[in-house]
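Q: I am attaching a structure below and will ask some questions about it afterwards.
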Amino acid sequence: MSFETLWADESAIGRSPDTGGYTRGGWSPTEREATHWFLDQCAARGLSVESDGIGNLIAWWGASDGPGVVTGSHLDSVIDGGAFDGPLGVVSALAAVDQLRAEGFEPGVPIGIGAFVEEEGSRFGMPCLGSRVAAGVLSAEKALQLTDRGGVRLSEALEGAGIDPAGVGPSPLLKRMGTFVELHVEQGRGLTAPVGVASSIWPHGRFRFTFGGEANHAGTTLMEDRHDPMLTYAMTALAANKQARLAGARATFGRISVEPNGTNAVPSQVTAWLDARAADTATLESLLAAITKQATERAERDGTTLEVTPESVSPIVDFPAGMRDRLVNVLDGAPVLPTGAGHDAGVFSDAGIPTAMLFVRNPTGISHSPAEYAEMDDCLAGVDALAAVLKDLAQ
Ligand code: GLV
Ligand code: MN
Ligand code: MN
């Protein structure tokens, strides 16, 4: 089937009529719909699908055992995200396999198409949840304690999707991942050619800032009598922006929760999540320290409290030079670039699987937004590039 047809089918699933975006949290109805679409596509191609205890999937073309070359990505999204982040890698993998079959290519080792669950962590707060659990870097015990914003536990979400939570844990699928190549839309404006190859993923982390204050009346409480955690938070958000600029890094408060969230009351508590990223670990650590210092000083002035809790930290990933250079070679000297976005490919690389990434040009650089976009010609170049890479790795 052509990439265009597959893409039109897949990208119709769960698109919001209001924003044009997608909200496919792990194991949610829209994410399940996309997953069932994927399973139908695999069945139509006679691929044999293996799943693990948390719901990661690999659909195999070729022999039913032994390590193979795995590609693919994820079908979940951020809240009101774009069409490309994740699904482009899965749909391109199906199209690349179709292309190789049409050419009569016979793989020397199995080729697998993976769909890994809750990569964005938009529902349970933990990025790359499926691959972290699969790789054993997040224990089943910790994973199963996670709850979504509505208080639904991971175990309940799994049961709702027909998955037995007792199976959550390190995944047998990893043993079959001889190599892994993830194709992904580029998420900045760093790529000017249609297709590029990743060098590294910046270290990054999510840190929960809990600002405590004193609830009080908005009309009767003198300004100088307040202990307002919103003020401490507001100054912290400005400090984060300034410190990230000074360090050439990234800092974002994209999510806050206010208690009790009333218009006519000074809040009692503000919880805000900092997403911080930098090109190297030392810069990331000093960025977090600088933001925390300014927030603490401001809390002292405001008479508020501050607690900083790391929710997830992802180390720098330097993709193995051998894999990277092999892809560059196959693709006639495609450009190589780092990324500030996290990926399951980083988790699998850390787990010792020879891993590489292909990027497809993003003309605006916009991502994690309904406006995320790639030109069809570039997506087709991505499919060709992926097919060439699979052919090389699976010969
Ligand atoms: C995932 O795309 C992330 O970088 O947060
Ligand atoms: Mn993403
Ligand atoms: Mn992604």
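Q: Is it the case that some residue within the range 159-169 is touching a residue at least 12 places away in the same chain (Cβ under 8 Å), under 20 Å from the mean Cα position of the chain (by Cα) and surrounded by 22 or more Cβ atoms within 10 Å (Cβ to Cβ)?
A: Yes, the range 159-169 has at least one match.
Q: Please work out which one of (1) touching a Leu at 6+ places or on another chain (Cβ under 7 Å); (2) within 16 Å of ligand 1 (Cβ to nearest atom); (3) small (Gly, Ala, Ser) is the condition residue 342 fails and give its number.
A: (1)
Q: Tell me which residues, restricted to the range 228-251, are among the hydroxyl-bearing types (Ser, Thr, Tyr) and within 14 Å of residue 290 (Cα to Cα). Give the steps one after another, and end with the answer.
A: Of all residues in the range 228-251, those among the hydroxyl-bearing types (Ser, Thr, Tyr) come to 232-233, 236.
Within the range 228-251, just 236 meets the criteria.
Q: Here are some conditions: (1) open to solvent by less than 40 Å² (accessible area, probe 1.4 Å); (2) outside any strand (DSSP E or B). Residue 258 meets all but one. Which one does it not meet?
A: All conditions are met except number (2).
Q: Shifting gears a bit: Quick one: is residue 251 in contact with a Gly (Cβ under 7 Å, 6 or more places away or on another chain), surrounded by 20 or more Cβ atoms within 10 Å (Cβ to Cβ) and part of a strand (DSSP E or B)?
A: Numbers: in contact with a Gly (Cβ under 7 Å, 6 or more places away or on another chain): no; surrounded by 20 or more Cβ atoms within 10 Å (Cβ to Cβ): yes; part of a strand (DSSP E or B): yes.
In short, no.
Q: Condition first: open to solvent by 30 Å² or more (accessible area, probe 1.4 Å) and farther than 25 Å from residue 122 by Cα. Now tell me which residues in the range 266-282 satisfy that. Before you say what the answer is, go through the steps one by one.
A: Step one: list which residues in the range 266-282 are open to solvent by 30 Å² or more (accessible area, probe 1.4 Å), which gives 268-269, 273, 275, 277, 279-282.
Hits for the range 266-282 are 268, 282.
Q: Okay, moving on. Is at least one residue of the range 223-240 touching a His at 6+ places or on another chain (Cβ under 8 Å) and either within 16 Å of ligand 2 (Cβ to nearest atom) or not hydrophobic (A, V, I, L, M, F, W, C) (or both)?
A: Within the range 223-240, the first condition is being touching a His at 6+ places or on another chain (Cβ under 8 Å), and the residues that meet it are none.
No - not one qualifying residue is present in the range 223-240.
Q: Is at least one residue of the range 6-27 of a type in the set (Lys, Arg), surrounded by 16 or more Cβ atoms within 10 Å (Cβ to Cβ) and either assigned by TED's automatic domain parsing to the domain that holds residue 162 or at positive phi (or both)?
A: Restricting attention to the range 6-27, the residues satisfying the condition of being of a type in the set (Lys, Arg) are 15, 24.
Okay, now just the ones that are also surrounded by 16 or more Cβ atoms within 10 Å (Cβ to Cβ), so 24.
If we keep only those that are either assigned by TED's automatic domain parsing to the domain that holds residue 162 or at positive phi (or both) too, we end up with 24.
Within the range 6-27, one or more residues are of a type in the set (Lys, Arg), surrounded by 16 or more Cβ atoms within 10 Å (Cβ to Cβ) and either assigned by TED's automatic domain parsing to the domain that holds residue 162 or at positive phi (or both).
Q: Whether any residue in the range 90-99 is within 16 Å of ligand 3 (Cβ to nearest atom), open to solvent by 20 Å² or more (accessible area, probe 1.4 Å) and under 18 Å from residue 374 (Cβ atoms) is what I want to check. Walk me through how you get there before you give the answer.
A: Taking the range 90-99 first, the residues within 16 Å of ligand 3 (Cβ to nearest atom) are 90-93.
Okay, now just the ones that are also open to solvent by 20 Å² or more (accessible area, probe 1.4 Å), so none.
Checked the range 90-99: no residue is within 16 Å of ligand 3 (Cβ to nearest atom), open to solvent by 20 Å² or more (accessible area, probe 1.4 Å) and under 18 Å from residue 374 (Cβ atoms).
Q: Across the range 193-237, which residue is nearest to residue 334 (Cα to Cα) among those that are surrounded by fewer than 17 Cβ atoms within 10 Å (Cβ to Cβ) and in contact with an Asp or Glu (Cβ under 6 Å, 6 or more places away or on another chain)?
A: That would be 208.
Q: Show the residue pairs meeting these rules: Cβ distance below 7 Å; 6+ apart or different chains; first residue within the range 29-52 and under 20 Å from residue 111 (Cβ atoms); second residue open to solvent by 60 Å² or more (accessible area, probe 1.4 Å) and of a type in the set (S, T, N, Q).
A: 48/64
Q: Starting from the range 68-94, take each residue that is more than 16 Å from ligand 2 (Cβ to nearest atom) and list its partners that are part of a loop (DSSP other than H, G, I, E, B), counting only C-beta distances under 6 angstrom and pairs at least six apart or across chains.
A: 68/109; 68/110; 69/394
Q: For the condition free of Cβ contacts under 8 Å to residues at least 60 places away in the same chain, buried (at least 20 other Cβ atoms within 10 Å of the Cβ) and either farther than 26 Å from residue 374 by Cα or away from ligand 1 (no atom under 16 Å from the Cβ) (or both), what is the one hit in 174, 154? Before the answer, list the steps.
A: Numbers: 174 fails: free of Cβ contacts under 8 Å to residues at least 60 places away in the same chain.
Unique residue meeting the criteria: 154.
Q: Could you list, in sequence order, the residues of the range 106-125 that are surrounded by 24 or more Cβ atoms within 10 Å (Cβ to Cβ), among the aliphatic types (A, V, I, L, M) and not in a strand (DSSP E or B)?
A: Answer for the range 106-125, where residues must be surrounded by 24 or more Cβ atoms within 10 Å (Cβ to Cβ), among the aliphatic types (A, V, I, L, M) and not in a strand (DSSP E or B): just 117.
Q: May I pose another question? For residue 292, all conditions in the list (1) free of Cβ contacts under 8 Å to residues at least 24 places away in the same chain; (2) open to solvent by less than 50 Å² (accessible area, probe 1.4 Å); (3) under 26 Å from residue 181 (Cα atoms) hold save one; what is the number of the exception?
A: Condition not satisfied by residue 292: (3).
Q: Can you name every one of the helices (runs of 4 or more DSSP H) wholly within the range 279-395 that holds 1 or more residues which are touching an Asp or Glu at 6+ places or on another chain (Cβ under 9 Å) and within 16 Å of ligand 3 (Cβ to nearest atom)? Explain how you work it out, then say what you get.
A: On the way: elements: 281-302, 321-330, 344-350, 376-393.
Hits in the range 279-395: 344-350, 376-393.
Q: Pick from 65, 52, 40: which is away from ligand 2 (no atom under 16 Å from the Cβ), at pLDDT below 95, assigned by TED's automatic domain parsing to the domain that holds residue 356 and surrounded by fewer than 23 Cβ atoms within 10 Å (Cβ to Cβ)? Explain how you work it out, then say what you get.
A: Numbers: 52 fails: at pLDDT below 95; 40 fails: at pLDDT below 95.
65 is the lone residue from the list that is away from ligand 2 (no atom under 16 Å from the Cβ), at pLDDT below 95, assigned by TED's automatic domain parsing to the domain that holds residue 356 and surrounded by fewer than 23 Cβ atoms within 10 Å (Cβ to Cβ).
Q: For residue 134, state whether it is surrounded by fewer than 19 Cβ atoms within 10 Å (Cβ to Cβ) and in contact (Cβ under 8 Å) with a residue 24 or more places away in the chain. Reasoning before the result, please.
A: Details: surrounded by fewer than 19 Cβ atoms within 10 Å (Cβ to Cβ): no; in contact (Cβ under 8 Å) with a residue 24 or more places away in the chain: yes.
So residue 134 does not fit the description; no.
Q: Right, something else. In the range 129-186, what count of residues is obtained for those that are among the hydroxyl-bearing types (Ser, Thr, Tyr) and within 16 Å of ligand 3 (Cβ to nearest atom)?
A: Quick first cut of the range 129-186, residues among the hydroxyl-bearing types (Ser, Thr, Tyr) only: 131, 139, 147, 155, 171, 179.
Narrowing further to those that are within 16 Å of ligand 3 (Cβ to nearest atom): 131.
Of the residues in the range 129-186, 1 are among the hydroxyl-bearing types (Ser, Thr, Tyr) and within 16 Å of ligand 3 (Cβ to nearest atom).
The values are calculated or read from the model by the stated rules, or taken from the named source; none is laboratory data. Keep in mind it's a predicted model, so treat the numbers as computed, not measured. For neighbour counting, all protein chains shown are included, and Cβ atoms are generated from backbone atoms with ideal geometry for every residue, glycine included. All accessible areas refer to the heavy atoms of the entire protein, side chains included, with ligands and DNA or RNA removed. Shrake-Rupley method; radii C 1.70, N 1.55, O 1.52, S 1.80 Å.
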